[in-house]
1. Restricting attention to region A:213-259, report how many residues are closer than 23 Å to residue A:477 by Cα, touching a helix residue (DSSP H, G or I) at 6+ places or on another chain (Cβ under 6 Å) and either buried (at least 18 other Cβ atoms within 10 Å of the Cβ) or modelled with pLDDT of 95 or more (or both).
2. Working only within region A:126-152, note down all residues that are buried (at least 24 other Cβ atoms within 10 Å of the Cβ) and over 20 Å from residue A:346 (Cα atoms).
3. If I filter region A:514-559 down to residues being touching a strand residue (DSSP E or B) at 6+ places or on another chain (Cβ under 7 Å) and farther than 13 Å from residue A:479 by Cβ, which single residue comes out as modelled with the lowest pLDDT?
4. Tell me yes or no: at least one residue of region A:437-446 is buried (at least 24 other Cβ atoms within 10 Å of the Cβ), over 21 Å from residue B:94 (Cα atoms) and touching a helix residue (DSSP H, G or I) at 6+ places or on another chain (Cβ under 7 Å).
5. Looking at A:426, A:449, A:445, can you tell me which residue is under 19 Å from the mean Cα position of the chain (by Cα) and within 14 Å of chain B (Cβ to nearest Cβ)?
6. Please determine whether any residue of region A:45-60 is free of Cβ contacts under 8 Å to residues at least 12 places away in the same chain and outside any loop (DSSP other than H, G, I, E, B).
7. Can you tell me which residue is farthest from residue A:79 (Cα to Cα) among those in region A:89-121 that are within 14 Å of chain B (Cβ to nearest Cβ) and in a loop (DSSP other than H, G, I, E, B)?
8. Given the residues A:460, A:453, A:482, which is the only one that is free of Cβ contacts under 8 Å to residues at least 40 places away in the same chain and in contact with a helix residue (DSSP H, G or I) (Cβ under 6 Å, 6 or more places away or on another chain)?
């Protein structure tokens, strides 16, 4: 086995057979596109084929969704995405809440060429759509965070390989999403996935807490714990069994009742667990055993960063902070502690107040790729909150990175603060949307954009979706906004109290929906009420619990 | 077949689709040609639209368009779609005036920020 290249870290390094497979797959799709353009295939015949390759027909053009497995990119991949944005899109890429990237202005005739260009840097768009197992998402601080129990990327890669073109699970009742974290702090919304895995080390190897049946969309459900401690060797067998039960019993007659969450809700967790255990008992367990040798083989294809930093790196960072309060503010909101004392994780906000959440230009992508080579071993991570992370930045070089980000217009000091708004593309681009989400996100971002105000408000999340499908995860924001079509007019429902983490909760609907500008004012009144009434150190969620939804409702509807 | 939308007072129906090759929004114009600009769209009454839509659907493959359907618009010059969704399709995303199809001023209610 060849050793992985050392210039990029953080993701699995392809073998030749991976590349051969991608070329074969592109050849196949190229033939399908050719037959569609010649009229040999009808739209009805072609649609499932294009969806399997991440191609949607959206409001203005085709949209291509490119997979970023567990959200990790290397710099050459980001450069290539930038080239694609410039050459085939309108110079933008949009990072999604599934750690993928979407191009909104793609021509069908160009897709095979784009896929070839992606394959040159070991990227593809397979299983980014359709009723299959989608991109496996993971913790943006994986392998770096100080609070981490276990690096989840190795098992994320194993799950990716198991689920890619799985012959039994290519035509599931509905799409299927898996997330995995190795931190006690759930940073992947594990309880809102079809399967959420929380990994931890055990005495005899890794153990996985497995949640099932969570999800957002039309029917938001908090996932339930199916198993507390799945052993590493049983991980794939257990996933296989869960998927088999879902594939056999999930509804196919009603699109809105086809997700696994509906099955678990309908038959109950105990009955579902029994069915999974029966399936496990029937399986040839040896065939599905995940051996430590196999795990080691996968691990060997991940390059590790050489974490060397000067002994005074932390002191230098403190000096930089003292000398530059604007930098100090950015450090306070946009960094996360690293396992290594001389390093730090930097979060790059793609939420410059007033800008479109998750959007980056080709120039910014090129600039970020260059910065990652200088400051983070050529590695860039995409978060499910639509930001980017440099996982391993030397503390003494953080100021230099920040200056580079400022030059790219990407130094907003707002991660985890009110203007760090998560938003779907909404009716401006999406065929399914009922209302626009981006203009409202921009208005809210601008309204709360002042850095002093944001610092005063503290941690507070706003999530925004343009329809009930909830791609903007509105159910789990402290403040959620849902676009609703009310007799042809765009209106916005407000939800309060959502939480995607350990204390998973679905936001409660405040009341009737607001017109766009009224919604901005209502959110402002809610925030003012929080600022005025909170007790020392009280979070928004804690105050909501203390005061109740009704108190917030009275404030929100005060002048309407 | 899905029932046609019924235009109200001062409204007409247009036929729209996406171009197969690039997904670009197009409007059915004179001579059954598909045009990029809504200003070129033929205006149909409710009674005329049904047969026109049937014909457009039957010819969709040959004309290299997909997702053909009718849109209710105000009978102005150029016609203006009644719903926000169709206005965005006709004029481009409201968050990117630089991506506008017609460089027409963005309607007041769609202005951002």
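1. Count: 9.
2. A:127, A:128, A:133, A:135, A:136
3. Within region A:514-559, the match that is modelled with the lowest pLDDT is A:516.
4. The answer is no, given that none of the residues of region A:437-446 is buried (at least 24 other Cβ atoms within 10 Å of the Cβ), over 21 Å from residue B:94 (Cα atoms) and touching a helix residue (DSSP H, G or I) at 6+ places or on another chain (Cβ under 7 Å).
5. A:426
6. Looking through region A:45-60, at least one residue is free of Cβ contacts under 8 Å to residues at least 12 places away in the same chain and outside any loop (DSSP other than H, G, I, E, B).
7. For region A:89-121, the residue satisfying everything is A:107.
8. A:482
The values are calculated or read from the model by the stated rules, or taken from the named source; none is laboratory data. Everything numeric in this text was worked out from a predicted model, so none of it was measured. Here Cβ is always computed from backbone atoms with ideal geometry, including for glycine, and neighbour counts include all displayed protein chains.
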